Amino acid sequence: MVDKKANTKAEKEDQKLTLINKLLSEYLDKLPESLITELKEKLYKLELNEEQMRKVVEEVNRAYIRALVEPGEAAGTVAAQSVGEPGTQMTLRTFHYAGVRELNVTLGLPRLIEIVDARRTPSTPTMTIRLDEDHKYSLEKAKEVASRIERIAVENIAKSIEYDMVNSSFIIEIDEEIAQDKGIELEYVARALERLKVGTVEIEGNNIIITPTTTSPDKIKRLRERILDLRLKGIKGIKRVLVQKEGDEYVLHTDGSNLSAVLQVKGIDPHKVYTNNISEIAEVLGIEAARSAIIKEAFQVLDQQGLDVDMRHVILIADLMTCTGKIRQIGRHGVSGEKSSVLARAAFEVTVKHLLDAASHGEEDALEGVTENVIVGQSIPLGTGVVELFMRFPKEGA
Amino acid sequence: MVKFDILKHELVPKFTILSKEEVEALRQTYGIRKEHLPWIRKSDPICKVLGAKPGDVLKIERNSEVAGKSIAYRYVVPG
């Protein structure tokens, strides 16, 4: 008996599910996936008959269509205002990265400006590197990977560097403790220095003595810099690596960014490497990845400041910045500067230069945009203004 | 060691090259020319991996936080 009851109950649920799926099947192309899933869940919980369900779905569809952007709606202006106004409330201060000790990351308005300006390198480049299955659960192994990434130069392990005028040679005292900690041997340093091909290299106790072939003071000065900056280990551009525990796995955070080189490192999960350097992402992973990175970074900045900006505004900005296949900044050298209309460009910045250039090249203005129509005093192509009338003359003899 | 595949990176959505018929159908539904779509450069790493040539149209299936899944297109341009 009990079995039978359970059976019929399960059957009923089953029937309900097929009914919902059948009802929604014709809306699969019309509604976004997230709405369909939500509808499925909600309808399943409610006790409704088929007719009521149909009505709900129809109403949702109607509300969805009503919520869509209409032709001629000033979506760009609304996006600009929606990001711009909260931007005035953001703090100008740079905070410490929550959770990561000693790692400074630009946040707030300066970072947002950096993103929309499409700067080649952010002021605080940083990477988040996740490790592969073999390395992510043990601190030892995570540190091992970190040491492969962190750039170690001679200056990082040297206690002092002096120039001996009498023998005309450099004496570099290596800090043994630090060198051991970083896993670097004295011989290795000497060999790397030899490869610079500047003179003879000798090891004397804890010191490395370089006798350069040149004695000109100018060159010696420059040589000192070159020796100190000589990379012994790690990846160019990565100044520091911090190992951080997140959940049950270890994650690396870096100071400095070099995406293409980090992808080659053993022990990381290359499919989850992230950097806040957007132009690097565009170069290595393509324009679509850069688009998602812009959205992620910009939205994160707004979110951290507690500003509730709808993601779709940010998405529109990212779409505009990436729609030519390259990252364009919002401003003089990008979106605003590349407008086809002379008057619109002149209205933005450096008015006289644009007008002069246009005059000397004999440029024409089709008066298709908003700005130029405001300037000449016509109705602007927005809302009902986008509609143009064409008249079809009756055919001859008709 | 995990071999790096650019198409599997978490920031990279799913790409497919559209056939001629699909491009034509797309043009018809939206009433546009191919150049009106957003662009992607031939030199883009994705185009190199897929072997897309200028004139092709790529279909992109993005995971959108707003819409769940969203579909976009990009027109391959030289450069």
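Just name the residue that is surrounded by the most Cβ atoms within 10 Å (Cβ to Cβ) out of those in the stretch A:203-213 that are farther than 14 Å from A:Met165 by Cα and touching a residue at least 12 places away in the same chain (Cβ under 8 Å). The extreme case among them is A:Ile208.
Pull up the stretch A:214-234, narrow it to residues that are open to solvent by less than 20 Å² (accessible area, probe 1.4 Å) and among the β-branched types (Val, Ile, Thr), then point me to the one that is nearest to the chain's Cα centre (by Cα). Among those residues, the one meeting the criterion is A:Ile227. Close Cβ contacts (under 9 Å, 6 or more residues apart or on different chains) running from residues in the stretch A:191-202 that are assigned by TED's automatic domain parsing to the domain that holds A:Thr213 to residues that are open to solvent by 90 Å² or more (accessible area, probe 1.4 Å) and in a helix (DSSP H, G or I) comprise A:Leu196/A:Arg226; A:Val198/A:Arg226; A:Thr200/A:Glu194; A:Val201/A:Arg191; A:Val201/A:Glu194.
Taking the criterion of being facing another protein chain (nearest Cβ under 7 Å), over 24 Å from A:Val265 (Cβ atoms) and in contact (Cβ under 8 Å) with a residue 40 or more places away in the chain, the only residue of the stretch B:1-53 that qualifies is B:Pro13. Here the condition is being open to solvent by 20 Å² or more (accessible area, probe 1.4 Å) and at positive phi; of A:Gly237, A:Gly256, it holds for A:Gly237 alone.
Counting the residues of the stretch A:277-306 that are touching a Ser or Thr at 6+ places or on another chain (Cβ under 7 Å), within 12 Å of another protein chain (Cβ to nearest Cβ) and not aliphatic (A, V, I, L, M) gives 2.
Counting only residues that are assigned to a loop (DSSP other than H, G, I, E, B) and in contact with a Leu (Cβ under 9 Å, 6 or more places away or on another chain), the stretch A:336-355 holds 1 of them.
Selection of strands (runs of 3 or more DSSP E) fully inside chain B by the criterion of at least 2 residues being surrounded by 17 or more Cβ atoms within 10 Å (Cβ to Cβ) returns B:39-41, B:57-64, B:68-77.
One residue stands out in the stretch A:356-387 among those that are assigned to a helix (DSSP H, G or I) and open to solvent by 80 Å² or more (accessible area, probe 1.4 Å): the one that is nearest to A:Arg332 (Cα to Cα), namely A:Leu356.
Counting only helices (runs of 4 or more DSSP H) that fall entirely inside the stretch A:118-182 and contain at least 2 residues that are within 14 Å of chain B (Cβ to nearest Cβ), open to solvent by 70 Å² or more (accessible area, probe 1.4 Å) and not polar (S, T, N, Q), the qualifying elements are A:139-149. When A:Tyr250, A:Tyr274 are screened for being touching a His at 6+ places or on another chain (Cβ under 9 Å), open to solvent by less than 40 Å² (accessible area, probe 1.4 Å) and either modelled with pLDDT of 90 or more or within 14 Å of another protein chain (Cβ to nearest Cβ) (or both), only A:Tyr250 passes. A:Tyr64 - would you say it is at pLDDT 90 or above, within 14 Å of chain B (Cβ to nearest Cβ), surrounded by 10 or more Cβ atoms within 10 Å (Cβ to Cβ) and closer than 30 Å to A:Val386 by Cβ? Spelling it out, A:Tyr64 is indeed at pLDDT 90 or above, within 14 Å of chain B (Cβ to nearest Cβ), surrounded by 10 or more Cβ atoms within 10 Å (Cβ to Cβ) and closer than 30 Å to A:Val386 by Cβ. Cβ contacts < 9 Å: first residue touching a residue at least 12 places away in the same chain (Cβ under 8 Å), restricted to the stretch A:23-35; second residue aliphatic (A, V, I, L, M) and open to solvent by 60 Å² or more (accessible area, probe 1.4 Å), any location; separation 6+ or different chain. Result? Listed by first residue and then by second, the contacts come to A:Lys30/A:Ile65.
Of all residues in the stretch A:75-86, one or more are at pLDDT 85 or above, under 30 Å from A:Arg111 (Cβ atoms) and open to solvent by 100 Å² or more (accessible area, probe 1.4 Å).
If you go through the stretch A:13-39 and pick out every residue that is within 14 Å of another protein chain (Cβ to nearest Cβ), open to solvent by 80 Å² or more (accessible area, probe 1.4 Å) and farther than 16 Å from A:Glu59 by Cβ, you end up with 3. Among the residues here, A:Lys339 qualifies as at pLDDT below 90, open to solvent by less than 100 Å² (accessible area, probe 1.4 Å) and of a type in the set (Lys, Arg).
The stretch A:248-335 holds helices (runs of 4 or more DSSP H) entirely within its bounds, and those carrying 3 or more residues that are in contact with a helix residue (DSSP H, G or I) (Cβ under 9 Å, 6 or more places away or on another chain) and in contact (Cβ under 8 Å) with a residue 40 or more places away in the chain map to A:278-285, A:287-304, A:311-322.
The values are calculated or read from the model by the stated rules, or taken from the named source; none is laboratory data. For clarity, every value in this text was computed on a predicted model and none was experimentally measured. Here the Cβ is made from the backbone with ideal geometry for all residues, glycine too, and neighbour counts use every protein chain on show. All accessible areas refer to the heavy atoms of the entire protein, side chains included, with ligands and DNA or RNA removed. Shrake-Rupley method; radii C 1.70, N 1.55, O 1.52, S 1.80 Å.
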